[in-house]
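Chemist: Please see the structure below; I have some questions.
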Amino acid sequence: MDDPILISLLNNSNIEAYKQLFVKYYSPLCEYASQFVGDEDAEDIVQDFMLFIWEIRRDLVIENSLKSYLFVVIKHRCLNHIKKQRFHQQVHEWIYEKLQDQFEDPDRYMINELAEQIQKAVAELPKNYRETFTLSRFGDQTNVKIAKQLGISIKTVEYRISQSLKILRTKLKEYLPLVLF
């Protein structure tokens with residue numbers, strides 16, 4: 001059957017014409033596509049295209065050679081597939097570069113967990129201990145400044161800080177080896 005007749009029959013949804021198109025061009029198109037991409041991808045691309053041909057059969061207009069049209073479209077689909085693969089590869093490489101430190105440093109997860117546990121343990125300290133400890137360790141204030149600010153003696157500040165540290169050591173004992181390193 002001539003290609004112009006085949007196209008005309010396809011336009012009228014003739015399934016036999018579609019079958020003939022498939023039998024005539026499927027294998028050569030797969031071989032051609034495999035020059036650009038792997039065999040499995042080539043078959044997927046050609047199958048998707050053949051399905052596309054059936055979906056647009058009523059609107060299919062080919063002014064020149066059907067064979068040329070099919071091969072040119074497959075070439076473009078293969079090139080688009082390659083571009084898409086390269087883009088995905090670039091995205092994976094970018095993500096890997098950004099997250100590489102986390103993948104290579106398993107202690108990073110432990111450090112994040114430790115920070116959460118420290119915050120939780122400090123929040124559970126008695127109010128006056130927590131206030132004194134926070135000013136000392138996170139507010140970078142001297143014991144003298146803390147004593148003046150809270151209206152207590154320097155000895156009371158020292159006592160509260162030492163008691164806070166004792167409580168925190170108990171609550172965070174399973175994390176102490178990580179803190180030491």
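Read the figures in this text as sums done on the coordinates, not as results from a lab. Only a predicted model underlies this, so the values are computations on that prediction, with no experimental measurement involved.
Chemist: What shape does region 107-180 take by its C-alpha gyration tensor, where a ≥ b ≥ c are the square roots of the eigenvalues and a/c under 1.5 counts as rounded, a/b above b/c as prolate, and the rest as oblate?
Modeler: Prolate, since a/c reaches 1.5 and a/b exceeds b/c.
Chemist: To continue, here is another question. Roughly speaking, what % of Cα-Cα pairs in the chain are separated by over 21 Å, rounded to a whole number?
Modeler: 69 percent
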